[in-house]
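Since the structure comes first, as structure tokens, the remarks are kept for the end.
The values are calculated or read from the model by the stated rules, or taken from the named source; none is laboratory data. Note that the structure is predicted; figures quoted are calculated from it, not measured. Positions of Cβ are generated from backbone atoms using ideal geometry, with glycine treated the same way; all protein chains shown enter the neighbour counts. Calculation scope for accessible area: heavy atoms of the full protein, side chains included, ligands and nucleic acids excluded. Shrake-Rupley method; radii C 1.70, N 1.55, O 1.52, S 1.80 Å.
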There are 2 protein chains.
Amino acid sequence: MSISPPDDLVASVTFDDRGLVPAIAQQEGTGEVLMMAWMNAESLRATLETGWATYWSRSRGELWRKGETSGHLQRVRAVHADCDGDTLLLTVDQTGPACHTGTRTCFTGRELVMPPAAVDPEEAAR
Amino acid sequence: MSISPPDDLVASVTFDDRGLVPAIAQQEGTGEVLMMAWMNAESLRATLETGWATYWSRSRGELWRKGETSGHLQRVRAVHADCDGDTLLLTVDQTGPACHTGTRTCFTGRELVMPPAAVDPEEAAR
């Protein structure tokens, strides 16, 4: 299934009660999950029209073209909605680090180490 | 940076005003983004303790061990928080399809086709 053009695309997405939808950015080729941010209808439309990932900054209350200040832009190759249309997956080509902390992804080096019992298949067998 | 054990891990995560955090499930090895669902503190604790991805069903208002009914379980290999601790990335080994529609991922075949102008680098040049 594919949908176009922009207004139809935007209308096909289910935004939450704040008018937002979570958008996951994944690096083309490597498959790295770079970050998750939020889009409103306007930012999704801007993303689809320009091909640059554009999010909604909840803290600043404004459109935010990712990398506009830092230069760490995301060229969007594809956008997929999920089965119930309330989450987006962006396939992007990320320039430089995706994270404002300077790491490649926002998840780099931030592991929650699981207890040994959870990692042992015997212990975790149903 | 790594954090343990479970209660400390859970305390390190920032839940939203509904007590939830988005959790992205990614297939180990292939890097496929399988789905995004929500966790509350209880479901994150259950995930970390059992090693089986356990979400919070917003529609049913209950803990939901993914695949409990369908058998399409997710064995959790690692959990990473993002830079501001309000999104989780689960590295999992998915049994069967991740999506209740029967597709491998919840994003399979649901592309929002971008307008040609957005795909053309000339048009989209800043």
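Across identical copies of the chain, B:H100 has label-point separations of 3.5 nm, listed in ascending order, with the point defined 7 angstrom from Cα along Cα→Cβ. Rounded to whole numbers, the Karplus 3J(HN,Hα) couplings from phi for segment A:51-61 are x, 10, 4, 10, 10, 10, 7, 5, 6, 8, x Hz, using 6.51 cos²θ - 1.76 cosθ + 1.60 with θ = phi - 60°, and x at Gly and Pro. The overall shape of the protein assembly as shown is prolate: from the C-alpha gyration tensor, with semi-axes ordered a ≥ b ≥ c, the ratio a/c is 1.5 or greater and a/b exceeds b/c.
Qualifying trypsin sites (Lys or Arg not before Pro) in segment B:3-76, where qualification requires a DSSP coil assignment and no more than 10 other C-beta atoms within 10 Å, comprise B:R18, B:R60. Under 16 Å from a label point set 7 Å out along the Cα-to-Cβ vector of B:R18, the amide N atoms of segment B:46-68 belong to B:55-64. Across the accessible surface of the protein assembly as shown, with the other protein chains kept in place and a 1.4 Å probe, carbon and sulfur atoms take up 50 percent.
On the rotation that sends chain A to chain B, the chain A Cβ lying closest to the axis gives residue and distance in whole Å as A:G31, 1.
Taking amide H as placed 1.01 Å from N in the peptide plane, the amide H of A:L34 sits under 5 Å from that of A:A25, A:Q26, A:Q27, each at least 5 places away or on another chain.
As a length-normalised measure over Cα pairs under 8 Å and 6 or more apart, the relative contact order of chain A settles at 22 percent.
Inter-chain Cβ neighbour count for A:75-85, averaged per residue, equals 6 (cutoff 10 Å, partner chain atoms only). With a Förster radius of 30 Å applied to the beta-carbon distance between A:T95 and B:A78, the computed FRET efficiency rounds to 0.65. Plainly put, the tip 7 Å out from Cα toward Cβ on B:G29 is 2.4 nm from that tip on each other copy, the closest given first. Size of segment A:4-92: Rg and Dmax of its alpha carbons, in Å, are 12.0, 34.
Buried accessible surface for the A/B pair, both sides summed and rounded to the nearest 100, is 4600 Å² with a 1.4 Å probe. Summarising the amide proton neighbourhood of B:M39: residues at separation of 5 or more, or on other chains, whose placed amide H is nearer than 5 Å comprise B:V21, B:A23, B:W56. Solvent exposure of the protein assembly as shown, expressed per residue, is 44 Å² of accessible area, with all protein chains present and a 1.4 angstrom probe. Between copies, how far apart are the B:R60 label points? List them in nm, one decimal, shortest first, with each point 7 Å from Cα toward Cβ, please? Label-point separations across copies, in nm and ascending: 4.1.
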